[in-house]
Every structure is written in C-alpha cells, then in structure tokens.
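*Asks:* Shown below is the structure under consideration.
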Number of protein chains: 2
Amino acid sequence: MKKSTATLRAENYPHDNGEWFCEFNYRNVKGLGKEEGVVRRDPSAVILVDGLYYVWYTKSEGDFNSKSENIYDKQFPWDYADIWYATSKDGYDWEEQGVAIGRGGQGSYDERTVCTPEILAHDGKFYLVYQCMDKDGKYRGTYETVALAAAEHVCGPWTKSKEPILTRREDGHWLDDYETYNDQVFEGTVHDPTLFFYNDKFYLYYKCALQKDKQNKPDFAGTNTRWGAAIADKVEGPYIPSEYNPITNSGHEVIMWQYKDGMAALLNREGPERDTIQYAKDGINFEIMSRISHSPGAAGLFRNPEADKAPLEGLRWGLWHPPYEEREGRWDYIRRFDIRPKYLQN
Amino acid sequence: MKKSTATLRAENYPHDNGEWFCEFNYRNVKGLGKEEGVVRRDPSAVILVDGLYYVWYTKSEGDFNSKSENIYDKQFPWDYADIWYATSKDGYDWEEQGVAIGRGGQGSYDERTVCTPEILAHDGKFYLVYQCMDKDGKYRGTYETVALAAAEHVCGPWTKSKEPILTRREDGHWLDDYETYNDQVFEGTVHDPTLFFYNDKFYLYYKCALQKDKQNKPDFAGTNTRWGAAIADKVEGPYIPSEYNPITNSGHEVIMWQYKDGMAALLNREGPERDTIQYAKDGINFEIMSRISHSPGAAGLFRNPEADKAPLEGLRWGLWHPPYEEREGRWDYIRRFDIRPKYLQN
C-alpha cells in the first residue's frame, strides 16, 4: 500500500481530543424573524438579567440601493439604522421592546446610522459598543467609527460617548510582508466592535477592512477582513490599538468569548483560516484549535455564566443572521444557532 | 510594530493568483424544488445533449424514520428510492421526465434502493453509476454497493450491470498511522460514485465511510469520510482500488471535474481540508489550490465543454441539495449554484 499526498498531509495535522470541535443546528426564532420591508441583523451577545434574556441588534426599514447615484440614499441594510432590543424568557420567543440607541442629531458623529451593537455587562453596569456613521460617512467610503453607550439599567437610558472611541487610521498598516496586501491600509475601516473586561483592562476587538482591494479580487486568502484589538484601562478609553494588529489573518464578523484565562474566537467567511475556532492565552496571539464548517455568520453569543466549564460553553448558543447569499428574500432576519448536543461537554 | 502569531502563520500560507478561488450564489429552480412528501436529492452532473440539459437524481416518496424498530421500514430519504431524470432548456426551469433506473426485482442486488447517480457521456454512449442496496442492505449497516447502467440514448433504455461494479471491502484499510482511525476499515461502505474517462482508463471515485467510529465522536479532523479511487481498463470493470487510497483526508460527497491533464475536486463538510478546492495532475495525489466557504453540498456539476479554459470552468454551475441542517422542512429538494461572475476567468 502507498500513501497519497493527502494522507501524508493528514499525518502532520494536529490532533485534538474533540473539546474544541462542534457542529451547529439552526432554527428560526419568533419575534425577530422575517418581515417584509424590515431589516433586523447583527445581533449582540445575549445576556441573562434577572431571569430574562436580552439582545440588541441593528434595525432599519425600507429598501436600499448600493448603486444609487444619490450618496444620501440608503445604500445598505445597515444604513440609516437604529439599535433596537428585545427580550425573551426562553431564548426562542422574542419580544421587541423598542429603540435602545437612536441616531444622533444634525451634525453628530452618528447622524446617519448606529448599528452592529455588542453588549458588555460589567460591575453592575451595561455597555453597548456599536458602529456609527456621520451624514457623509458612506460618501467617504464606509468611513465608520465605533462609539460606546453606558447605562445603569439593562433597559437604559443609555448615555452615549461624546466622541467615537475608535476611528479608522489613515496611518494604519496591513501585513507588510504579505505580498498581496502590501501597502494597504489596515484599520482603513473599523467594524463589528466587541468589548470584554479582560486582565483588568477593557479589550475592544473589531473587524478591519481595506479601503479597497488593490487587485480588486481576492487572492488565496479570500477577501480582505481581519481583526484588530485596542486596549484601554478605563471603559471610556482611550483605546490604544495593539502593536500586534492584525491579530487574525482571517475572519469576518467578530465572534468571541472568554474561556478561563484566555480569549476564544470563531473565525468565519474570509481568509485562509476561515471556519476555525481559535484560542489566545493572552487575548492577542491566536492558535487554531479546530476546523469547523457551516458556522453561523454575524453571531451574537449567549454569555454563558458557565463558560469556563468547557472550551465551547461560551459558544453554546446564540443568535445570528444568515448572510445575503443564504437568506431568503431581501430583508435580513435573525435566527438562532445551537451547538449540537453531542458535542457539549457540560 | 510586532507580528501576531496569526500574521506569522499567514506569511507561510501559499499564495495563489486567484484562479482557483471563488464564491457561490444560490437560487431555487423550478420543477425540482420543494414538494411535501417527496424527496429529490443528490443530483448527478448536468450534461448538455442536443441543446437540452439533462440531470439524474434520487427520488423517493413518503416519510422515513432512522429509529424504526422494523429494519424494513424506510430509514432515510434515500431508502426505497429510484433514479429519476429531468430536462431543461435553460438550467433553471426543469421538467421531470420519469424513472431512469428503477429498483430491481426480488432477491436482486438493488431490490431495496437505487440512488445517488452520476452520469458519464463517453464515446457516444451514456453511463450511470449509482448506489444500490439489496433487501437487507440497511440491516447489515449501510452495506451498499455501486452499480453501472449503460444506454445508447440519453433517455435510455438503461442496461444494468449484472452485478455491482464496486462493493465494500472487509479487508480494507484506513489511515494506519493516523491514530484516531487506527484499525478502522477503509471502504467499509462505498457511496457517491463518480465516473470519468481519464488517461485512457475509467476512474471511479467514491466516498468511503467507516463502519463505525471507534470513539463515537469526531476528532480534530471532523467526522469519518474520505474518498477513494478504483480504476478499470473497460467501463464495465473490473475496478481495482488504488494502492493510494484514501486519496483525500477530507470531503463528503464526491464533487470533481476534469481540468486539462488532471482532476479537480471540491471537498466539503468533513475533515481538516473541508472547504478546499484541490487538484491532482495524476488524478490521485491532490494538492490544495484554494480555501473556499459556503460551498454547495452534494453538487452535480455542469459538464462544461469549455472546462479546460480556466481551473473553475468545470465548477461554473450545477445543481445540489441543501444538507439537512440548512434545508427548509423535512423533504430534500434541489437548488442551483453558480460561481459568482466576478470570479469567472472565461
């Protein structure tokens, strides 16, 4: 018998005891599902407060056209959006409660849109981080910023930061030695913020995208998003981008959870390490723990109080929205995912 | 600036000029879509004959229950199935034509089911390869075989091989040095046959699965399917399994096309190299050409007469069925996929 090149490769792959591997089930939820003319997408983490589940998400109404000649027309589902929230007793049947964060007034940094929220419950308070655009944001090429809002109570009222806590960097960098991306601007945009209290500091993770793709097509690595981290001593900042950025070479929406002393991440959609689960003991230097498939896009994870009991407890279930190539119809909607029970360790 | 471990890894990934990378669009088709109580799945390749597109597929009716105590009850969607075919003028609007291959009579090797067909047009004739089960096949643990049927005309009549052309091997092997799979039986089942005329021989590729998983859960590599090849001088066989089997370390349903002097393959769903496109100049020893995502499951590819013009022309479009975790409702149905136009080289 002879060995094929595939067999020879397989002999060099790392093994794992299966604690980091899983598959997912998907199902619809009530209250946040399909609705003609209404966009609901990018759910935050789900948190449990006094026996009730809470989630925040992007909501917009009306049609959009990314090819419109009028730069002030709604261009994307998350353009001219607000952040709404919903509650549920069981995680399946959701009741929409209303606006949590509305767009700002004329001339404000968040006049045009607020979207893609993430929640952090910390020390008895609640913090939302989210993307913003001022009136001309789209015109300048998805010139988006990240803002923070704080509340004493989970239902608000929310106090917005006076200025964004993170902006794109004109002087950013990309992977200088990675030929395809040479000379590109890393952190040319900052999206999908996710905030953790970690190692006595606040870690803000986010997706970075190139302003444009030099070759206007992806290379082997897929397309052009990676993640960055910015760290602050206080929740309000200042957030200082890590010297190690980018901290991933793959991944689209930021999907992360805390596990013991480190950070776990699910990378999907883009890059050579798409569809992997990774772990960084220092929150920065990630190693591949498993390769998965059919992972949920834009997932907001249930912040499981028992997350330290097994690697994937923090990924146990959550909400997500199907990407446009999988969704049915024109209007984004939110679904639920669950790790299949046979993979649960706890 | 410092480099994260992810950046250091990325510097070692191979580059590609993008010719092997793509993303997919999905859409429903008419005539083979959702139908209550009817299963249509596992479409063959699509071939163009005299201006009309032809496809073959598994069709069964009625409910199934894999936990039934009666071993002769229908256990899976492809149990008690026949092979039907349909035609289309444009590849979107399909017209079901009727049965191509029906189950055999009492005591025959294909008494219980015929399913998962693949078509080869060669030298003016047509060949279908497909899975079969005799009456007790399910009882003995998916003891399935592969048979061949030949026809002078694309619409039949089809002449079945007197015996299966491929059976499971009691003396098979798995990856002996790959600890998790030690002592397992490779080719314990043979599924998803695909036939090519290649290098003046007939190459039969197929999916192999373990009879059972020793640990009853997947390791790092995912679950337990890989592909094998068996080669014959004549279309009717005998088909001799390659000494190099398994020829992949990943992949579920066999999805392959010919490109220039070699064979190209899309591996999905399972294993450490899931969601890769690979190429083997000799049809046996495959190398990874790109990493993709959201690939179509159980795809039947349009056998593009211009497949040699660019690496992915043979993957340009086809039919597939969503896996059970993605499909809507209980009944399998067939959809279409297309490589997004921006990735097409031709």
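*Asks:* If you check B:Arg330 against the conditions, is it more than 8 Å from every other protein chain (Cβ to nearest Cβ), in a loop (DSSP other than H, G, I, E, B) and basic (Lys, Arg)?
*Replies:* Yes.
*Asks:* Now for a different question. I need a count of the residues in the range B:279-295 that are over 15 Å from the mean Cα position of the chain (by Cα), polar (S, T, N, Q) and under 29 Å from B:Arg40 (Cβ atoms).
*Replies:* Adding up the residues that qualify gives 1.
*Asks:* All but one of (1) within 18 Å of B:Tyr206 (Cα to Cα); (2) among the hydrophobic types (A, V, I, L, M, F, W, C); (3) free of Cβ contacts under 8 Å to residues at least 60 places away in the same chain hold for B:Val254; which doesn't?
*Replies:* Going through the list (1) within 18 Å of B:Tyr206 (Cα to Cα); (2) among the hydrophobic types (A, V, I, L, M, F, W, C); (3) free of Cβ contacts under 8 Å to residues at least 60 places away in the same chain, B:Val254 breaks only (3).
*Asks:* Restricted to the range B:256-298, and to residues that are in contact with a helix residue (DSSP H, G or I) (Cβ under 8 Å, 6 or more places away or on another chain) and more than 9 Å from chain A (Cβ to nearest Cβ), which residue is surrounded by the fewest Cβ atoms within 10 Å (Cβ to Cβ)?
*Replies:* B:Lys260
*Asks:* Does the range B:47-56 contain at least one residue that is under 16 Å from the mean Cα position of the chain (by Cα), surrounded by fewer than 23 Cβ atoms within 10 Å (Cβ to Cβ) and under 20 Å from B:His122 (Cα atoms)?
*Replies:* Taking every residue of the range B:47-56 in turn, at least one turns out to be under 16 Å from the mean Cα position of the chain (by Cα), surrounded by fewer than 23 Cβ atoms within 10 Å (Cβ to Cβ) and under 20 Å from B:His122 (Cα atoms).
*Asks:* Of these, B:Ala265, B:Ala298, which one is at positive phi, within 16 Å of the chain's Cα centre (by Cα) and of a type outside the set (D, E, K, R)?
*Replies:* Criteria check complete, one pass: B:Ala298.
*Asks:* Checking A:Asp90 against (1) touching a Phe, Trp or Tyr at 6+ places or on another chain (Cβ under 9 Å); (2) among the charged types (D, E, K, R); (3) not in a loop (DSSP other than H, G, I, E, B): exactly one of these is not met. Which one?
*Replies:* Here A:Asp90 clears every test but (3).
*Asks:* I'd like to check something: does the range A:85-105 contain any residue that is buried (at least 19 other Cβ atoms within 10 Å of the Cβ), on the phi < 0 side of the Ramachandran plot, touching a residue at least 60 places away in the same chain (Cβ under 8 Å) and not aromatic (Phe, Trp, Tyr)?
*Replies:* no
*Asks:* Moving on. Yes or no: A:Thr159 surrounded by fewer than 16 Cβ atoms within 10 Å (Cβ to Cβ), away from chain B (no Cβ under 14 Å) and modelled with pLDDT of 70 or more?
*Replies:* Taking the combined requirement at face value, the residue satisfies it.
*Asks:* Filter the range B:231-253 down to residues that are more than 14 Å from chain A (Cβ to nearest Cβ) and buried (at least 21 other Cβ atoms within 10 Å of the Cβ) and give me whichever is nearest to A:Lys3 (Cα to Cα).
*Replies:* B:Tyr239
*Asks:* Is it true that A:Gly37 is surrounded by fewer than 19 Cβ atoms within 10 Å (Cβ to Cβ), away from every other protein chain (no Cβ under 14 Å), at pLDDT 90 or above and out of contact with any strand residue (DSSP E or B) (no Cβ under 8 Å at 6 or more places or on another chain)?
*Replies:* no
*Asks:* May I pose another question? Just to be sure I understand, how many residues within the range B:166-205 are buried (at least 19 other Cβ atoms within 10 Å of the Cβ) and at pLDDT 95 or above?
*Replies:* 8
*Asks:* Name the residue, out of A:Ala100, A:Ala45, A:Ala86, that is more than 30 Å from B:Glu273 (Cβ to Cβ) and in contact with a Cys (Cβ under 9 Å, 6 or more places away or on another chain).
*Replies:* When all the criteria are applied, what remains is A:Ala100.
Quick grid of which residues meet (1) closer than 23 Å to A:Arg340 by Cα; (2) at pLDDT below 95; (3) more than 10 Å from every other protein chain (Cβ to nearest Cβ):
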position: A:Lys3; (1), (2), (3): no, yes, no
position: A:Asn17; (1), (2), (3): yes, yes, no
position: A:Tyr26; (1), (2), (3): yes, yes, no
position: A:Gly31; (1), (2), (3): no, no, yes
position: A:Leu48; (1), (2), (3): yes, no, yes
position: A:Leu52; (1), (2), (3): no, no, yes
position: A:Thr58; (1), (2), (3): no, no, yes
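*Asks:* Filter the range A:333-346 down to the residues that are in contact with a Phe, Trp or Tyr (Cβ under 8 Å, 6 or more places away or on another chain) and not in a loop (DSSP other than H, G, I, E, B), then identify the one that is nearest to the other protein chains (Cβ to nearest Cβ).
*Replies:* Among them, the one singled out is A:Tyr343.
The values are calculated or read from the model by the stated rules, or taken from the named source; none is laboratory data. Since we're looking at a predicted model, the values are computed, not measured. Cβ atoms come from the backbone with ideal geometry, glycine included; neighbour counts cover every protein chain shown.
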